[in-house]
Amino acid sequence: MKILIKRGRLIDPSQNLDIVGDLLIEEGRIVGWERNIEISEKVELIWAEGLWILPGLVDIHVHLRDPGEEWKEDITSGTLAALYGGVLRVACMPNTKPPNDTPEVTNYIIKKAQEKGWVKVLPIACITKNQEGKELTEFGRLKRSGAVALSDDGRWVQNSELMKRALHYAKNFDLPVISHCEDHSLTEGGQVNQGKMSAKLGLKEIPAMAEVIGVIRDLLLAKDTNYPVHLAHISSKEVLPFLRWAKEEGIPFTAETCPHYFTLTEKEVENYNTLAKVNPPLRGEEDVYAIKQALKEGIIEVISSDHAPHSELEKKVEFEWASFGMLGLQTLFPLSLNLVREEILSPLKLAEYLILNPSKILKIEPPSFKSNVLAEVILVSPYEKYILTEDLIKSKSKNTPFLNQELQGRVKKVILKDKIYDL
């Protein structure tokens with residue numbers, strides 16, 4: 001089957017491409033793109049005027065809750081949410097039950113994703129056994145089983161000597177290391193950002209200093225080992241001077257943030273709104289502005305969702321007992337599009353942050369419009385406005401502060417290999 005997409009805005013960061021043109025797909029593979037493709041034989045014709053055509057998004061930070069907490073999410077429901085969000089490759093974090101610290105768990109994730117998933121799943125394995133920060137996992141066996149990176153996400157490897165050995169060990173196997181930077185001695189029992197809201201609500205605070213300490217330590221270890229560390233979900237303006245310093249020093253690192261950190265502030269937790277309880281917490285207005293500027297400068301060069309589904313049982317409780325996290329796969333693109341509307345990023349640069357850069361960090365070939373690669377294509381309407389209702393959310397859980405809010409920017413169609421999904 002041949003598919004011809006005509007008159008869409010083709011955006012492919014791997015080729016520095018941003019033109020209005022046509023894209024031809026045959027038997028599930030990209031044939032090529034031109035400003036105008038004329039074809040006489042029978043094709044499936046898709047008119048895309050007013051739409052952006054992009055390679056599928058790559059989300060480097062997703063929680064699928066499978067195995068062990070399938071009432072919140074499983075691989076099938078999580079990857080369906082990804083499909084509807086235009087995310088065609090999902091890197092899933094290892095804090096499952098049991099955690100992904102053995103080849104057996106990695107194999108389970110890959111096998112189930114192949115059998116019941118909607119999009120490609122890339123397992124991230126634990127740095128330490130059971131994420132306890134005491135003993136390293138077997139990096140080589142994990143990589144051979146299909147793990148694409150290492151992280152103890154949700155927990156920071158507090159022991160600096162152990163983290164140093166982890167970077168040396170990961171270097172031997174060319175495995176990316178992703179760090180959740182948080183000095184837990186400063187955040188134990190913490191609920192919200194340290195500031196006016198924590199004082200107003202009488203909740204134990206999570207200071208930005210905890211993130212800063214974690215970032216500085218990991219940057220110094222990256223410098224010492226000459227091996228890059230990827231810093232997850234940066235949320236605080238206090239971190240950014242150290243990231244600029246590290247860039248100037250040539251320290252190998254990359255950093256990501258999430259849409260909620262450049263969209264929402266700590267005001268969202270007023271009235272004890274547990275849907276806005278995340279870790280790191282939502283910060284202040286100055287932090288939101290600073291994160292946007294860091295994206296503009298390229299100090300932060302990846303945007304991920306940190307998709308973290310929780311059931312009503314874990315959210316409709318007292319704030320102190322509520323779980324941290326919010327959904328993100330279906331809001332990743334529309335919220336990130338605000339950066340284009342605010343002229344912080346160009347459409348091509350946004351695509352780089354959502355597709356090319358996360359692929360580089362994971363050391364995988366990015367989805368693209370290059371000839372003969374598998375078709376992973378999304379068609380999006382950047383201007384369409386809609387209300388995010390529960391019916392539109394494909395996750396098992398519905399925990400998002402954007403529920404029943406207006407979003408702008410919607411994935412309309414996905415072409416995945418030889419299948420066309422009208423969404």
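A few remarks follow.
- The listed residue being of a type in the set (Lys, Arg) and out of contact with any Ser or Thr (no Cβ under 9 Å at 6 or more places or on another chain), out of 277, 296: 296
- Residue within segment 217-227 that is more than 17 Å from the chain's Cα centre (by Cα) and at positive phi present: yes
- Filter result for the condition that a residue is in the same structural domain as residue 252 (by TED's automatic domain parsing), buried (at least 20 other Cβ atoms within 10 Å of the Cβ) and at positive phi, over 233, 180: 233
- Among the residues making up segment 258-272, those that are in a loop (DSSP other than H, G, I, E, B) and either of a type in the set (Asp, Glu) or farther than 17 Å from residue 238 by Cα (or both) are 263, 264, 270, 271, 272.
- Filtered residue count, segment 157-177, keeping only those that are in a loop (DSSP other than H, G, I, E, B), of a type in the set (A, V, I, L, M) and either farther than 26 Å from residue 304 by Cα or not assigned by TED's automatic domain parsing to the domain that holds residue 131 (or both): 0
- Residues that are in a helix (DSSP H, G or I), within 22 Å of residue 124 (Cα to Cα) and hydrophobic (A, V, I, L, M, F, W, C) within segment 179-236 comprise 215, 219, 221, 222, listed in sequence order.
- Scanning segment 248-273 for residues that are under 22 Å from the mean Cα position of the chain (by Cα), of a type in the set (D, E, K, R) and surrounded by fewer than 23 Cβ atoms within 10 Å (Cβ to Cβ) gives a single hit, 268.
- Taken as a whole, the structure leaves residue 343 outside the set of residues that are acidic (Asp, Glu), touching a Ser or Thr at 6+ places or on another chain (Cβ under 9 Å), under 30 Å from residue 16 (Cβ atoms) and surrounded by fewer than 19 Cβ atoms within 10 Å (Cβ to Cβ).
- Filter result for residue 287 (on the phi < 0 side of the Ramachandran plot, buried (at least 20 other Cβ atoms within 10 Å of the Cβ) and in a helix (DSSP H, G or I)): yes
- The listed residue being surrounded by 18 or more Cβ atoms within 10 Å (Cβ to Cβ) and basic (Lys, Arg), out of 134, 143, 196: 143
- Test set (1) crowded, with 24+ Cβ neighbours inside 10 Å; (2) closer than 23 Å to residue 383 by Cβ; (3) of a type in the set (D, E, K, R) - residue 65 fails condition number: (2)
- Residue in segment 356-375 that is in contact with a helix residue (DSSP H, G or I) (Cβ under 7 Å, 6 or more places away or on another chain), closer than 30 Å to residue 269 by Cα and assigned to a loop (DSSP other than H, G, I, E, B) present: no
The values are calculated or read from the model by the stated rules, or taken from the named source; none is laboratory data. No experiment lies behind these values; they were computed from the predicted model shown. Because the Cβ atoms are built from the backbone with ideal geometry, glycine has one as well, and the counts that use them run over all protein chains shown.
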